[in-house]
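Q: Structure incoming, see below.
The values are calculated or read from the model by the stated rules, or taken from the named source; none is laboratory data. Quick caveat: nothing in here was measured; it's all calculated off a predicted structure. Cβ sites come from the backbone with ideal geometry, for glycine too, and all protein chains shown count toward neighbours.
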Amino acid sequence: MKNIRALIVDDEELARKNLEFLLKDECASVDVLGTAANAREAKKFVQSNTIDLMFLDIEMPNGSGFDLLESLGDEIDFKIIFITAYHEYALKAFKFSAVDYLLKPINIDELKSAIEKVRPGSMVESKEQISALKENMARKGEAMEKIALPSMEGLQFVNLDEIIYCESQDNYTQFFLTDGRRIMVSKTIKHFEEMLDPDSFFRVHRSNIINLKYIDKYVKGEGGYIVMKKGERIPVSRRRKEAFLQLFHYQ
């Protein structure tokens, strides 16, 4: 298997040298073809060289990482691993957009794990993916707006407002949307419980997370059940009943 041809794009010289050293020392499957200090240098390099992978810093003077990707347009036929020193809200944006990222200072185990995902035929980031990431990052601490769901067909981008509820099916999670679509995702419901905003989404049962805005009524019982606005009945487990009712200041 041929080595991965990589370009490092970062405005900090020390950061470029450090990553290049880590890759040469710890990641034998990666050949660093070059480095770039800004978007202009990076674009010039990409247009005259074939790369498989770009390590891309987002915040750079004279053109951000997003500006670079926008200027490349359809020339993006390589994987991207974003490098960031951003805070927690931005990390959420990366997760919601299903893109790979590394935090500064770079951890060698996380670097190796990110490299493992870069293989021949691995899916390159789409325009929609980059756009979703940019939109989510612009929210700066507000609730995310869009989520990328990896389905059998590829990534599907869904506004969080479109999700009525999701349901666990072993190691998969099925999303039920307002337009009637169902999307099966190969991640556990716990993965999404940790991602989704608890002010908008609540796990009422080990099998279900609901969007609180689509509740029509709650029917009492041992745990009871919820009727959603389109008529779906979602059970409430006994151990989650009290926390659910407290959301509405009801005992």
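Q: What pairs come up if the first residue lies in segment 1-15 and is of a type in the set (A, V, I, L, M), the second is in a loop (DSSP other than H, G, I, E, B) and surrounded by fewer than 11 Cβ atoms within 10 Å (Cβ to Cβ), and their beta carbons are under 9 Å apart, counting only those six or more places apart or on different chains?
A: Close Cβ pairs satisfying both conditions: M1/P120; A15/P105.
Q: Can you tell me how many residues in segment 77-132 are within 19 Å of P150 (Cβ to Cβ) and at pLDDT 85 or above?
A: 9
Q: I'd like to check something: does segment 229-241 contain any residue that is part of a helix (DSSP H, G or I), surrounded by 13 or more Cβ atoms within 10 Å (Cβ to Cβ) and modelled with pLDDT of 95 or more?
A: no
Q: Considering only residues of segment 171-213 that are closer than 19 Å to S97 by Cα and of a type in the set (S, T, Y), which is surrounded by the most Cβ atoms within 10 Å (Cβ to Cβ)?
A: T173
Q: If you don't mind, there's one more thing I want to ask. Just one of I164, I209, I226 is part of a strand (DSSP E or B), touching a Lys or Arg at 6+ places or on another chain (Cβ under 8 Å) and farther than 29 Å from A93 by Cα; which is it?
A: Only one candidate qualifies: I226.
Q: Within segment 34-57, does at least one residue satisfy the condition of being assigned to a helix (DSSP H, G or I), touching a residue at least 60 places away in the same chain (Cβ under 8 Å) and either in the same structural domain as S113 (by TED's automatic domain parsing) or within 24 Å of the chain's Cα centre (by Cα) (or both)?
A: no
Q: Please go through segment 69-110 and pick out each residue that is aliphatic (A, V, I, L, M), buried (at least 16 other Cβ atoms within 10 Å of the Cβ) and not in a loop (DSSP other than H, G, I, E, B).
A: Result: L69, L72, I80, I81, I83, A90, A93, L102.
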